[in-house]
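Encoded as structure tokens, the structure appears first; notes follow it.
The values are calculated or read from the model by the stated rules, or taken from the named source; none is laboratory data. Keep in mind it's a predicted model, so treat the numbers as computed, not measured. Because the Cβ atoms are built from the backbone with ideal geometry, glycine has one as well, and the counts that use them run over all protein chains shown. The accessibility values were calculated without ligands, DNA or RNA, using every heavy atom of the protein model including side chains. Shrake-Rupley method; radii C 1.70, N 1.55, O 1.52, S 1.80 Å.
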Amino acid sequence: MSWLWVIIVGLVLGLIAKAIIPGKQNIPLWLTTLFGILGSVLGNAVAGWLGVADTKGVDWTRHVLQLIGAVIVVALGAKLWHAIRGTKGTGTTGTRERI
């Protein structure tokens, strides 16, 4: 698999995962792509353990496992990102707004 394809799949899976997770994950696009790639690798590993990594036709089970992996990695990664940065995932910069 070429690196370009890995990046594209990671981006798509990361964006889909962000859309599935409730709330806003205020993380940069490069981090979304990286989390999508990691989720894809995690999903492929689980598919291998279950014995469904290489089947004839479209590997729907593997693709679903990749998406589940991306959702898990994006959810946990976004929390970790905001914990390290000291911000909340609400889209603010960590400052309080005056009313």
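Summary table below
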item: Value at 222 nm in deg cm²/dmol, rounded to 500, when DSSP H runs of n ≥ 4 in the chain each add -39,500 (n - 2.57); result: -23500 deg cm²/dmol
item: Residues of the chain: accessible area per residue with a 1.4 Å probe, Å²; result: 70 Å²
item: In nm, spacing of pseudo-spin labels at Trp60 and Leu29 (7 Å Cα→C-beta vector); result: 3.2 nm
item: Whole-number percent relative contact order across the chain, with pairs defined as alpha carbons under 8 Å at least 6 apart; result: 32 percent
item: Burial order of peptide ranges 79-87, 57-65 (average beta-carbon count within 10 Å, highest first); result: 57-65, 79-87
item: Residues in region 1-21 reached by a label modelled at Leu76 [backbone nitrogen below 15 Å; 7 Å Cα→Cβ]; result: none
item: Sulfur and carbon atoms: percent of accessible area, the chain [1.4 Å]; result: 69 percent
item: Difference of contour (0.36 nm per residue) and Cα-Cα distance, Trp49 to Ala83; result: 9.0 nm
item: Structure-derived log10 I(q)/I(0) by the Debye sum over Cα atoms at q = 0.14 Å⁻¹ - corresponding label in (1) -0.74; (2) -0.48; (3) -0.55; result: (3)
item: Principal-axis tilt of helix 3-20 within the chain, Cα atoms, nearest 10 degrees; result: 60 degrees
item: Dipole magnitude (debye, nearest 20) for the chain, charges at Cβ of Lys, Arg, Asp, Glu; result: 460 debye
